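The values are calculated or read from the model by the stated rules, or taken from the named source; none is laboratory data. From a predicted model like this one, the values you see are computed outputs, not experimental measurements. Ideal geometry is used to build each Cβ from the backbone, glycine not excepted, and the neighbour counts take in all protein chains shown.
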Amino acid sequence: MAKGHFNLGVIVPAMLGTAGLLIACKWAALQRWRHASPGHARLWTAGWALFALWLASLLFFWSRLLGMGLAPAQVPPVQAIVVLGSATLDGEPRPPLAARLDTAAALARLQPQALIAVCGGVDWGEKESEAEIMARYLQQRHGIEPGRLVLEKHSTSTELNLRLSRPLLAERGVGADAPMAIVSSDFHLMRVMAMVRRQGLGDAHPVAAPTPPTMRFNAWLREYFAMASGWALGEV
């Protein structure tokens, strides 16, 4: 939070930690309340049971995320590499986005014929779009030629990353049925591929960028809620 990271993956652990401290401080009073009536006892048990069920669902979801995606060397020949956007700060990609770009650059070196689509609109507080920041990073850090880059500068979600990049790639001769690689963070790929299927991108290969260890479980927790939201909104 001190570094400006505010999302459910960060806020929920803070709330759970605060709740745990309050329970510990008020434990004696809570036990008196719990034993005051059978209804209180049932409510106490039900609350912990619901928390345990939620925790079990979270662990199951995390188990499904393990091993998602291909390494760059495992990707078959593709016509385009689509790099999905993530957060930027002060004109630079934050660590998860930098990892995606580094992974995309490694794939681009292996497949020099492929176009590279970078996706993302303007983040809050930024002056440039994610796509512009991503393109500059690839050029300056990895020496990617500007002619290989396709910039999608208006999307505000993963679903729009995919949808709005399609016509731009089509203008460069890459149709919806052309083989392409979708590069995103490892935890993100389950939701991404569900969207890919809904949008009819038939020959898409998920490529996993590693999540920095310092934010891995926060990111995985955020993805749990993002997947639930995507399901509710009909995106996955």
Q. For the range 91-106, how many residues meet the condition of being touching a residue at least 24 places away in the same chain (Cβ under 8 Å) and either among the charged types (D, E, K, R) or not assigned by TED's automatic domain parsing to the domain that holds residue 193 (or both)?
A. 3
Q.
When you check residue 49 against the structure, is it surrounded by 10 or more Cβ atoms within 10 Å (Cβ to Cβ), outside the structural domain of residue 221 (by TED's automatic domain parsing), in a helix (DSSP H, G or I) and at pLDDT 95 or above, yes or no?
A. yes
**Q.** Leading residue by the ranking (surrounded by the most Cβ atoms within 10 Å (Cβ to Cβ)) among those in the range 89-129 that are assigned to a strand (DSSP E or B) and hydrophobic (A, V, I, L, M, F, W, C)
**A.** 118
Q | Criterion: loosely packed, with under 10 Cβ neighbours inside 10 Å, part of a loop (DSSP other than H, G, I, E, B) and touching a residue at least 12 places away in the same chain (Cβ under 8 Å) - qualifying residue of 68, 1 | A | 1
Q. Does the range 4-35 hold any residues that are assigned to a loop (DSSP other than H, G, I, E, B) and either of a type in the set (Val, Ile, Thr) or in contact (Cβ under 8 Å) with a residue 40 or more places away in the chain (or both), and which are they?
A. 4, 5, 7
Q: Give me the pairs, please: first residue somewhere in the range 197-220 and aromatic (Phe, Trp, Tyr), second residue anywhere and crowded, with 17+ Cβ neighbours inside 10 Å and part of a loop (DSSP other than H, G, I, E, B), beta-carbon distance under 8 Å, and either six or more positions apart or on two chains.
A: 220/211
Q) residue 86 passes all but one of (1) at pLDDT 95 or above; (2) in a loop (DSSP other than H, G, I, E, B); (3) buried (at least 18 other Cβ atoms within 10 Å of the Cβ); which number fails? A) (1)
